[in-house]
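Engineer: First the structure, then my questions, so here it is.
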Amino acid sequence: MLQPQIVTRLRAAGCVFAEDEAALLLEAARTPAELEDMTARRVAGLPLEQVLGWAEFCGLRIAVEPGVFVPRQRTRHMVDLAVDRLRAGAVVLDMCCGTGAVAAAIAHRVPGIEVHAADVEPAAVRCARRNLPGGHVYQGDLYAPLPGELRGRVDVLVANAPYVPSDEIALMPPEARDHEPRVALDGGTDGVDVQRRVVAGAGEWLAPGGRLLIETGARQAATTAAAFAAAGLRVEVAAREELAATVVIGTRSGTPATPAG
């Protein structure tokens with residue numbers, strides 16, 4: 001019975017899908033006071049997912065909390081591409097994992113894989129550990145926190161590294177710009193700085209025949225692909241127009257020794 005009032009407040013705040021959001025808030029709130037608090041936070045601009053405590057991604061409810069990067073639906077493209085290249089028994093590494101959404105979605109669709117994930121941001125790592133109860137989650141800068149025994153064993157390495165150019169952060173929607181960590185958004189001058197570091201270190205961790213998949217922007221795809229080629233990887237670019245998604249895939253030379261692919 002409170003929904004019309006909530007819808008009105010959400011619509012006035014600029015929420016395009018006010019009716020749907022109101023329904024989710026009503027479902028999540030346990031008391032009228034909690035509903036008012038959640039509505040107020042959403043009206044103030046906090047992303048809906050951070051208000052609810054979860055984001056829908058690939059059919060899963062991914063735990064999120066205020067101040068973390070909310071998984072984007074375009075990233076489903078990278079999940080699909082990774083799943084097509086995996087079988088049970090393979091080793092997957094989700095680099096710049098954020099909440100661990102990509103690794104969780106992959107593990108849900110390919111049972112029996114070994115999952116590792118890493119991120120530099122503490123709140124993201126907390127969420128990833130909730131979303132990957134059977135996985136191994138590390139906190140630190142890119143490959144630095146990984147255990148040495150993982151070297152040369154990774155069949156598929158996925159990375160949704162930041163790829164927004166630094167001077168374009170201010171142009172992003174306020175939900176991202178004001179409520180997600182800059183470290184999860186800022187890709188440096190051309191948007192490819194972090195990707196280059198991921199690519200440069202990947203060869204040490206990939207198994208023979210292993211694949212590196214990096215989500216990137218359409219404008220950055222050629223630059224990202226050049227970094228792959230410079231690292232000695234066989235390169236392909238896979239775009240999915242309906243999701244406005246672009247993924248660069250690199251394959252390390254050699255014959256796979258695991259069931260991946």
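The values are calculated or read from the model by the stated rules, or taken from the named source; none is laboratory data. Just so it is clear, the model here is predicted, and its values are computed rather than measured. Because the Cβ atoms are built from the backbone with ideal geometry, glycine has one as well, and the counts that use them run over all protein chains shown. Side chains are part of the model used for accessible areas, which takes the heavy atoms of the whole protein and leaves out ligands, DNA and RNA. Shrake-Rupley method; radii C 1.70, N 1.55, O 1.52, S 1.80 Å.
Engineer: I'm checking my understanding of the structure. Among residues of the range 211-223 that are under 23 Å from GLY140 (Cα atoms) and not charged (D, E, K, R), which one is surrounded by the most Cβ atoms within 10 Å (Cβ to Cβ)?
Structural biologist: ILE214
Engineer: Among the residues of the range 8-52, write down those that are of a type in the set (Gly, Ala, Ser) and under 22 Å from MET172 (Cα atoms).
Structural biologist: Of everything in the range 8-52, those that are of a type in the set (Gly, Ala, Ser) and under 22 Å from MET172 (Cα atoms) turn out to be ALA12, ALA13, GLY14, ALA18, ALA44, GLY45.
Engineer: Right, something else. Exactly one condition in (1) in contact (Cβ under 8 Å) with a residue 12 or more places away in the chain; (2) under 14 Å from the mean Cα position of the chain (by Cα); (3) outside any helix (DSSP H, G or I) is false for ARG61; which is it?
Structural biologist: (1)
Engineer: Quick one: LEU142 ticks every box in (1) modelled with pLDDT of 95 or more; (2) within 12 Å of the chain's Cα centre (by Cα); (3) surrounded by 17 or more Cβ atoms within 10 Å (Cβ to Cβ) bar one, so which box is it?
Structural biologist: Every listed condition holds for LEU142 apart from (2).
Engineer: Please indicate, with yes or no, whether at least one residue in the range 220-237 is assigned to a strand (DSSP E or B), in contact (Cβ under 8 Å) with a residue 40 or more places away in the chain and closer than 20 Å to LEU93 by Cβ.
Structural biologist: So far as the range 220-237 goes, no, none of its residues is assigned to a strand (DSSP E or B), in contact (Cβ under 8 Å) with a residue 40 or more places away in the chain and closer than 20 Å to LEU93 by Cβ.
Engineer: Would you pick out the residues in the range 71-118 that are of a type in the set (A, V, I, L, M), touching a Pro at 6+ places or on another chain (Cβ under 7 Å) and open to solvent by less than 10 Å² (accessible area, probe 1.4 Å)?
Structural biologist: Once the filter is applied, which keeps residues that are of a type in the set (A, V, I, L, M), touching a Pro at 6+ places or on another chain (Cβ under 7 Å) and open to solvent by less than 10 Å² (accessible area, probe 1.4 Å), the range 71-118 yields ALA90, ALA101, ALA118.
Engineer: Would it be correct to say that ARG177 is within 27 Å of ARG240 (Cα to Cα), of a type in the set (Lys, Arg) and in contact with a helix residue (DSSP H, G or I) (Cβ under 7 Å, 6 or more places away or on another chain)?
Structural biologist: For ARG177, the condition - within 27 Å of ARG240 (Cα to Cα), of a type in the set (Lys, Arg) and in contact with a helix residue (DSSP H, G or I) (Cβ under 7 Å, 6 or more places away or on another chain) - is met.
Engineer: Those residues that are under 16 Å from LEU81 (Cβ atoms) and either open to solvent by 30 Å² or more (accessible area, probe 1.4 Å) or not small (Gly, Ala, Ser) (or both), I need them from the range 152-170; list them, please.
Structural biologist: Answer for the range 152-170, where residues must be under 16 Å from LEU81 (Cβ atoms) and either open to solvent by 30 Å² or more (accessible area, probe 1.4 Å) or not small (Gly, Ala, Ser) (or both): VAL154, ASP155, VAL156, LEU157, VAL158, ASN160.
Engineer: Let me ask something else. Could you list all residues from the range 52-69 that are out of contact with any Cys (no Cβ under 9 Å at 6 or more places or on another chain) and open to solvent by less than 10 Å² (accessible area, probe 1.4 Å)?
Structural biologist: Listed by number, the residues that qualify are ALA55, PHE57.
Engineer: Of the residues that sit in the range 10-30 and are within 25 Å of the chain's Cα centre (by Cα) and closer than 16 Å to LEU52 by Cβ, which one is most open to solvent (accessible area, probe 1.4 Å)?
Structural biologist: Looking at residues that are within 25 Å of the chain's Cα centre (by Cα) and closer than 16 Å to LEU52 by Cβ, I get PHE17.
Engineer: Another one. Hey, among the residues in the range 187-203 that are part of a loop (DSSP other than H, G, I, E, B) and of a type outside the set (A, V, I, L, M, F, W, C), which one's surrounded by the fewest Cβ atoms within 10 Å (Cβ to Cβ)?
Structural biologist: Among them, the one singled out is THR189.
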